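**Student:** The following block contains the structure, expressed as structure tokens.
The values are calculated or read from the model by the stated rules, or taken from the named source; none is laboratory data. Computed from a prediction, not measured in an experiment: that's the story for all the values here. Glycine also receives a Cβ, built like all others from the backbone with ideal geometry; neighbour counts cover every protein chain displayed.
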Amino acid sequence: MFKLRIAISTLLIGFALFAGCAPKQETGKQVITIWHWMTDREPAFQELAKRYEAKAGVKVNFELYAPSDAYSQKVRAAAQGENLPDIFGILGEKRDFASFIKAGHIFNLTPYMEANNAEWKSSFFGKALAVNEFNEGNSYGVKPGTYGAPIDIMTIQMLYNKNLFRQLGLNPRKPPVTFEELLDIGKKISAANRGGSASGGKQSGMQGLVSGWAEVWMIDCFANNYAFNIMGKDKVLATIKGEVPYTDTDWIKVLTFFKQMQESGVLANGVVTMINKTAEQLFANDKAVFAFNGSWCVNVYKGMNPKLDYGAMLPPAASEKFPMAIWGGAGSSFMVNERSKNKEEAVKFLQWLTGADQQAYLAQSTNNLPANKNATSKIPDILAQFADSMENATHPNVWGLSEFSVVIEAFDKGIQSIIIGEKTPEQVALEVQRIKERELAKKRLVR
Amino acid sequence: MKTGAYYKTKKASINLLIHLFLLSVATTCLFPLIWMVSSSLKSQDVIFKDTSLLPKAFHFENYYRAWMEGGFGRYFLNSIFYTVAVVIGIIIISSMAAYAFSRFRFPGRNIMFFMFMAAMMIPIPGSFVALYVLLNKLHLRNTSFGYILCMINVGLSTSIFLLKTFFDKMPKELEDAARIDGCSKIGLWWHVALPLSKPVLAVVVVFNALNVWNEYILALIIFDSRPLMPLQVALTTFQGEFVTNYPLLMAGLTITAIPIIIVYLLMQKYIVKGVTQGAVVG
């Protein structure tokens, strides 16, 4: 028994000595705490924190909590306990962002954005800021204003492999600009795989377009690009509102493009079951002529194959009626805690962090696109190619209305069926329209 | 008529089939580990091109880089401290509780036991926010003590269930003899029940040690201070939003797997005993 008592006492003393104390906070200097989830940007953030401390005398603690899903849980739990740091980011949809604002966790940055003839606001790409803005009469019931500062942006577009272009006898400086040119390249890829002249009689094993189309949102993104190009934004939004049916000739045209791409050989084998990591691997290893990927791929390809020679391009246009649209906008944004005692200092730091020099440093060291449009002249060429297309960027988050998720699912899975030859574009359009009508009827019933 | 040779051949064939099956199961289990070690010795650009298990060039420096860049030193100590503290806490509390549930008759015994069992059904992530708010109110958030308490709580239900099942089957005559010798209730637990339950305790130790060693989401939520984080958090250093440094991640995983493999090897004979004695009933 004596041994037992000794053991339990030792344990209790041990707990008291080692476990009970929280680490001491540094005192004296003003400290701003920032929570983030961006592992790849952590060293650059730490460097910027040092620079800011040297410049402004304010210590900035960047605290990394990864992976992103665990970070989201931490932010939600901290919001419940009112323990959010001075600056943090929110991952999720716009309605999550709105719920944080309405719960009083996010500071309205509008006065700072608008100050000095909107100097801060005008430094950003307009579309990067849109994700953080709530307009008059927004459906979330949030007071109009800007509630976050973007620190980087992203676009999703096409990439082409310059080495494989040369092998196919194409000019690596001239990527296809029309849909017909894209289909022609598809035919060349098929010929090369059959052992045609482009490969000197040998079967090349070359793949066409690779992308993570097993994740249907990427198909949706690609299809939306062409929908905007053929019928324009208004008609796409009218379809979402239920005013234009999916059986409209323009929508059938969009669906037919996938059939044409499959038939021409421009799509890689098994693209409908391909995850993006596999697609990235194929493209980075010079095995695919095209990729459809986000601007984050610059970093991915650099890690997989630093010598990869490639360029970024807009998806080749199928119509001259409307401009080609790509998905893009703010990549990551930071918000200031409404309850923070250091709100003013936090805003000052965000203004500094989103300044052209700091943004250029972030872009150079992390290969992410800067949110500050004045920083693009100082970034690597391939990133600048992505940034150049920012004017073509759009995103469902800024459309102000969204399609029923079951309709999106049916549309995207329908495209997969077209690619594998299971259904025709007309069949898919009809099926999607039926689901759309069913959902609209349900909505009317609820009202 | 079937001869002896026939039976010998039949036995040999069945043995061969059994061994082939066991070999395939063992290969399936070992392959990820071998792949992990193999990948930890490759470079980032080679890992996507060379899929062979034997790397062409061995990059042993990955282990040094993983240790230094991940800051494994401090996290390693933290994880050892949390694992030891939680496992000891679980063993003491669950064995006492299981013994009481098995041997004593008191009001509400069944309800309390079923409440513990019901807790096994709640997934841990479902209780994160509640735990966070509770620890915050108790001023135990961002403290090792708060984390240890949470992890003890997480491991209690299963451990009580395992130990109670064992104590229920334990012959009462041994305790009667000890009682005649003047043993108190707590003495019975310490001198009789605990020494006899070594095989089950081994299962409880390995099960909970593995659980605490691999846990990181709760730690990430409760701790704001990086110096308090456990080892698993260090692994996230190599895993970016879009880019993952696979060689360093695999080197880090190999480092983190070693202690738990050692614990398992040390406890192996007790675990086998525990399982064969019906410790993991249900």
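**Student:** Any residue at all in segment B:135-144 that is at negative phi, in the same structural domain as B:Val200 (by TED's automatic domain parsing), assigned to a helix (DSSP H, G or I) and within 24 Å of the chain's Cα centre (by Cα)?
**Tutor:** Yes, there is a match, as at least one residue in segment B:135-144 is at negative phi, in the same structural domain as B:Val200 (by TED's automatic domain parsing), assigned to a helix (DSSP H, G or I) and within 24 Å of the chain's Cα centre (by Cα).
**Student:** Further question on the same structure: A:Asn299 passes all but one of (1) of a type in the set (S, T, N, Q); (2) buried (at least 22 other Cβ atoms within 10 Å of the Cβ); (3) under 22 Å from the mean Cα position of the chain (by Cα); which number fails?
**Tutor:** That leaves (2) as the condition not met.
**Student:** Also: Of the numbered conditions (1) more than 30 Å from A:Val407 (Cβ to Cβ); (2) at pLDDT below 95, A:Ile185 fails exactly one; give the number of that condition.
**Tutor:** Condition (2) is where A:Ile185 drops out.
**Student:** Shifting gears a bit: Looking for something touching a Pro at 6+ places or on another chain (Cβ under 6 Å) and within 17 Å of A:Gly328 (Cβ to Cβ) - is there at least one such residue anywhere in segment A:158-176?
**Tutor:** yes
**Student:** Can you tell me how many residues in segment B:30-67 are of a type in the set (Val, Ile, Thr), within 19 Å of A:Gln281 (Cβ to Cβ) and in contact (Cβ under 8 Å) with a residue 12 or more places away in the chain?
**Tutor:** 1
**Student:** What is the one condition in (1) farther than 28 Å from A:Ala79 by Cβ; (2) touching a residue at least 40 places away in the same chain (Cβ under 8 Å); (3) surrounded by 15 or more Cβ atoms within 10 Å (Cβ to Cβ) that B:Tyr132 does not satisfy?
**Tutor:** (1)
**Student:** Quick check on my filter: what residues within segment A:1-37 are touching a Ser or Thr at 6+ places or on another chain (Cβ under 7 Å) and modelled with pLDDT of 90 or more?
**Tutor:** Result: A:Trp37, single match.
**Student:** Give just the number: which of (1) surrounded by fewer than 22 Cβ atoms within 10 Å (Cβ to Cβ); (2) in a loop (DSSP other than H, G, I, E, B) does A:Trp213 not satisfy?
**Tutor:** Among (1) surrounded by fewer than 22 Cβ atoms within 10 Å (Cβ to Cβ); (2) in a loop (DSSP other than H, G, I, E, B), the lone unmet condition for A:Trp213 is (1).
**Student:** Is it the case that segment B:112-127 has a residue that's within 14 Å of chain A (Cβ to nearest Cβ), surrounded by 15 or more Cβ atoms within 10 Å (Cβ to Cβ) and in a helix (DSSP H, G or I)?
**Tutor:** yes
**Student:** Kindly provide the set of residues from segment A:61-97 that are acidic (Asp, Glu) and within 8 Å of chain B (Cβ to nearest Cβ), ordered by number.
**Tutor:** Scanning segment A:61-97 gives a single hit, A:Glu63.
**Student:** Moving on to the next point. Enumerate the pairs (first residue in segment B:147-175 and surrounded by fewer than 17 Cβ atoms within 10 Å (Cβ to Cβ); second residue anywhere and among the polar types (S, T, N, Q)) with beta-carbon separation below 6 Å, excluding pairs fewer than 6 apart on the same chain, so at least 6 apart or on different chains.
**Tutor:** Every condition considered, the pairs that remain are B:Asp168/B:Ser102.
**Student:** Given A:Leu369, A:Leu383, A:Leu350, which one is modelled with pLDDT of 95 or more and under 26 Å from A:Val60 (Cβ atoms)?
**Tutor:** A:Leu350
**Student:** Return the residue satisfying two criteria in turn: it lies in segment A:120-149 and is of a type outside the set (A, V, I, L, M, F, W, C) and outside any loop (DSSP other than H, G, I, E, B), and of such residues it is farthest from A:Leu91 (Cα to Cα).
**Tutor:** Filtering first and then ranking leaves A:Ser122.
**Student:** Run B:Met170 past the list (1) within 25 Å of B:Val206 (Cβ to Cβ); (2) within 14 Å of chain A (Cβ to nearest Cβ); (3) of a type outside the set (Lys, Arg) and report the number of the one that doesn't hold.
**Tutor:** Result: B:Met170 passes all but (2).
**Student:** Another question, if that's okay. (1) over 19 Å from the mean Cα position of the chain (by Cα); (2) at pLDDT 90 or above: which one isn't true of B:Ala178, the others all being true?
**Tutor:** Only one criterion in (1) over 19 Å from the mean Cα position of the chain (by Cα); (2) at pLDDT 90 or above is unmet by B:Ala178, namely (2).
**Student:** Consider segment A:60-95. How many of its residues are touching a residue at least 60 places away in the same chain (Cβ under 8 Å) and either part of a loop (DSSP other than H, G, I, E, B) or touching a strand residue (DSSP E or B) at 6+ places or on another chain (Cβ under 7 Å) (or both)?
**Tutor:** Number satisfying all stated conditions: 10.
**Student:** Among the residues of segment B:54-63, is there at least one that is away from chain A (no Cβ under 13 Å) and either of a type in the set (D, E, K, R) or in contact with a strand residue (DSSP E or B) (Cβ under 8 Å, 6 or more places away or on another chain) (or both)?
**Tutor:** yes
**Student:** Related question: Among the candidates B:Ile217, B:Ile255, B:Ile260, B:Ile180, which residue alone is surrounded by fewer than 21 Cβ atoms within 10 Å (Cβ to Cβ), away from every other protein chain (no Cβ under 13 Å) and touching a helix residue (DSSP H, G or I) at 6+ places or on another chain (Cβ under 6 Å)?
**Tutor:** B:Ile260
**Student:** Give me the pairs: first residue in segment B:192-210 and among the basic types (Lys, Arg), second residue assigned to a helix (DSSP H, G or I) and surrounded by fewer than 19 Cβ atoms within 10 Å (Cβ to Cβ), beta-carbon distance under 7 Å, and six or more apart or on different chains, which are they?
**Tutor:** Between residues of segment B:192-210 that are among the basic types (Lys, Arg) and residues that are assigned to a helix (DSSP H, G or I) and surrounded by fewer than 19 Cβ atoms within 10 Å (Cβ to Cβ), the close pairs are B:Lys198/B:Tyr270.
**Student:** A further question follows. Report yes if some residue within segment B:50-63 is surrounded by 14 or more Cβ atoms within 10 Å (Cβ to Cβ) and of a type in the set (Lys, Arg); otherwise report no.
**Tutor:** No, segment B:50-63 contains no residue that is surrounded by 14 or more Cβ atoms within 10 Å (Cβ to Cβ) and of a type in the set (Lys, Arg).
**Student:** Can you confirm whether B:Ala98 is crowded, with 16+ Cβ neighbours inside 10 Å, farther than 30 Å from B:Asp168 by Cα and in contact (Cβ under 8 Å) with a residue 40 or more places away in the chain?
**Tutor:** No; evaluated as a whole, the condition is false for this residue.
**Student:** With a cut-off of at least 1 residues that are more than 30 Å from A:Phe228 (Cα to Cα) and outside the structural domain of A:Glu181 (by TED's automatic domain parsing), name the helices (runs of 4 or more DSSP H) lying wholly within segment A:268-358.
**Tutor:** Helices (runs of 4 or more DSSP H) meeting the threshold: A:343-353.
**Student:** I'm trying to understand the selection: among the residues of segment A:311-329, which are buried (at least 19 other Cβ atoms within 10 Å of the Cβ) and either within 14 Å of chain B (Cβ to nearest Cβ) or over 20 Å from the mean Cα position of the chain (by Cα) (or both)?
**Tutor:** A:Pro316, A:Ala317, A:Ala318 - these are the residues of segment A:311-329 that are buried (at least 19 other Cβ atoms within 10 Å of the Cβ) and either within 14 Å of chain B (Cβ to nearest Cβ) or over 20 Å from the mean Cα position of the chain (by Cα) (or both).
**Student:** Return a yes/no flag: does segment B:98-113 have any residue that is hydrophobic (A, V, I, L, M, F, W, C), over 26 Å from the mean Cα position of the chain (by Cα) and not assigned by TED's automatic domain parsing to the domain that holds B:Thr143.
**Tutor:** no
**Student:** If you scan segment A:160-175, which residues turn out to be assigned to a strand (DSSP E or B) and touching a Gly at 6+ places or on another chain (Cβ under 7 Å)?
**Tutor:** If the condition is that a residue be assigned to a strand (DSSP E or B) and touching a Gly at 6+ places or on another chain (Cβ under 7 Å), then A:Tyr160 is the only one that fits.
**Student:** Look at A:Gly232 and say whether it is farther than 20 Å from A:Val271 by Cα, out of contact with any helix residue (DSSP H, G or I) (no Cβ under 6 Å at 6 or more places or on another chain) and buried (at least 16 other Cβ atoms within 10 Å of the Cβ).
**Tutor:** Considered against the rule, which asks whether it is farther than 20 Å from A:Val271 by Cα, out of contact with any helix residue (DSSP H, G or I) (no Cβ under 6 Å at 6 or more places or on another chain) and buried (at least 16 other Cβ atoms within 10 Å of the Cβ), A:Gly232 comes out as yes.
**Student:** Which of (1) surrounded by fewer than 22 Cβ atoms within 10 Å (Cβ to Cβ); (2) farther than 26 Å from A:Lys188 by Cα does A:Asn269 not meet, given it meets every other one?
**Tutor:** Every condition holds for A:Asn269 apart from (2).
**Student:** Okay, moving on. Consider segment A:360-402. How many of its residues are surrounded by fewer than 18 Cβ atoms within 10 Å (Cβ to Cβ) and either over 19 Å from B:Gly240 (Cβ atoms) or in contact with a Cys (Cβ under 9 Å, 6 or more places away or on another chain) (or both)?
**Tutor:** Residues that pass the stated criteria total 13.
**Student:** Considering only segment A:264-290, state which residues are away from every other protein chain (no Cβ under 14 Å) and in contact (Cβ under 8 Å) with a residue 40 or more places away in the chain.
**Tutor:** A:Ser264, A:Gly265, A:Val266, A:Leu267, A:Ala268, A:Asn269, A:Val271, A:Val272, A:Thr273, A:Met274, A:Val289, A:Phe290
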